[in-house]
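Accompanying notes for the structure given below.
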């Protein structure tokens, strides 16, 4: 009965939103249809799931935020990534799911679901207006196997609980979040039983971290890794917050203690003073692997490290280490084993993976939003995001695949059917929460802090963002002459201007009515 009530509640919410006729305040959807017409014309659609190409534009009008800016490739990629995400929505007898590959994979769970990118799927799709897609998807992962979790829910390391909680910050649906709490605590306990070592750290094979053929580990090495330990820290923090929402004080204390312990262990046992970096700890010998890898930036995805560890970000900006012509590499370019594991069998020994790029850029945005530091600038963030945009092309057309050569930008599996439209990273979440700067929080007071450098664009608009039942519009117009809605940065709620300032910088919007 309880699940039925939740579904009914969500239907009421959806009908209420329709009744209010919420709509964009500034931008006109029709102005962006040409992108979808172009994308549809790029291919012979050989795989069709729930929403085929001929329905793509109608679906996008109903579901996505709108974005306009003076740099065409940013704008094009924003709509391309929504267009490709839509391809992965699959209708099953239990509801909607998101796939990672369009082609069937032998190691997938039922409905061709793969858990390695689930956190990315939730972070990206939380901005869709129709909540049913993620409601179904999450429910199937946790309850789709005769009321229990799918068999391969924990086949890969995951930050699912953190993602589900951060989705709540966007949709404000407390009831469905609390309904999932028993499933989420059971998931965390299972991870502790299966992957927590005697030293208190979680271990993982690199292949089950979705990062096979690494320099630091191997497919059969049970190493404590910065990735899974950061994920479990984020999951514990999320369970602490959810328990507080449920007024479960003892549970909240338990998960706060788990998060605090993991933070201490990560900083004590996975930090290399020699390399100024978080690194894999080798199972054999109990020593650090002494190789910087992109997973060393993952702790910032969850705001784990204390400020003194921010020195690690110098390596992200250094061409000798991670900053390559076509993106952030997955291993230190100066290491002797960089790109030595061969090619085109999913190696994580240095090539650029969007999976890791989106994690690193999310962590960098957190760094820029949390406290004072002088290592990473807005310009550095923009440059790396711009490189991410430019990398998502193949033979002159928009493309998102598995991984690419760091020097040439060539997609290493670009001619394989399995690689096309690979749903294994975020992009639009980076535009919304990073570049434009909408920072989701509990409650109806929120901050907008664009990471756009002051000398880059004279204008942009993010519109039609469904946030906690309201339509948010964020507008930057340096002179006031582009949109004729006033000079500077402004935030609008349901078509009414709520806050503004003359220059780019943080704005806090109090309340939301």
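The values are calculated or read from the model by the stated rules, or taken from the named source; none is laboratory data. Because the structure is a prediction, the values reported are computed rather than measured. With ideal geometry, Cβ positions are generated from the backbone for all residues, glycine too; neighbour counts draw on all protein chains shown.
Of note:
- Cβ pairs under 8 Å, 6+ apart, first in the range 256-269 and under 15 Å from residue 197 (Cα atoms), second surrounded by fewer than 14 Cβ atoms within 10 Å (Cβ to Cβ): 265/199; 269/199
- Restricting attention to the range 248-270, the residues that are surrounded by 18 or more Cβ atoms within 10 Å (Cβ to Cβ) and in a helix (DSSP H, G or I) add up to 7.
- Filtered by the rule that a residue be part of a loop (DSSP other than H, G, I, E, B) and surrounded by 15 or more Cβ atoms within 10 Å (Cβ to Cβ), the range 29-46 gives no residues.
- Output for the range 271-281, where each listed residue is surrounded by fewer than 21 Cβ atoms within 10 Å (Cβ to Cβ) and out of contact with any strand residue (DSSP E or B) (no Cβ under 6 Å at 6 or more places or on another chain): 273, 274, 275, 276
Each row is one residue, and each column tells you yes or no for (1) at pLDDT below 95; (2) touching a helix residue (DSSP H, G or I) at 6+ places or on another chain (Cβ under 6 Å).
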site: 265; (1), (2): no, no
site: 269; (1), (2): no, no
site: 272; (1), (2): no, no
site: 278; (1), (2): no, yes
site: 282; (1), (2): no, no
site: 286; (1), (2): yes, no
site: 298; (1), (2): no, yes
site: 313; (1), (2): no, no
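- Strands (runs of 3 or more DSSP E) wholly inside the range 413-513 containing at least 1 residues that are in contact (Cβ under 8 Å) with a residue 12 or more places away in the chain and under 24 Å from residue 363 (Cβ atoms): 446-448, 459-467, 470-477, 507-509
- Qualifying residue in the range 131-149 (condition: surrounded by 24 or more Cβ atoms within 10 Å (Cβ to Cβ), touching a strand residue (DSSP E or B) at 6+ places or on another chain (Cβ under 8 Å) and in contact (Cβ under 8 Å) with a residue 60 or more places away in the chain): no
- Screening the range 98-127 for residues that are touching a residue at least 60 places away in the same chain (Cβ under 8 Å) and in contact with a strand residue (DSSP E or B) (Cβ under 8 Å, 6 or more places away or on another chain) and picking the one that is farthest from residue 205 (Cα to Cα) gives 127.
- Take the conditions (1) touching a strand residue (DSSP E or B) at 6+ places or on another chain (Cβ under 8 Å); (2) farther than 27 Å from residue 389 by Cα; residue 443 misses just one of them, which is (1).
- Residues (in a helix (DSSP H, G or I) and more than 12 Å from residue 295 (Cα to Cα)) located in the range 340-360: 354
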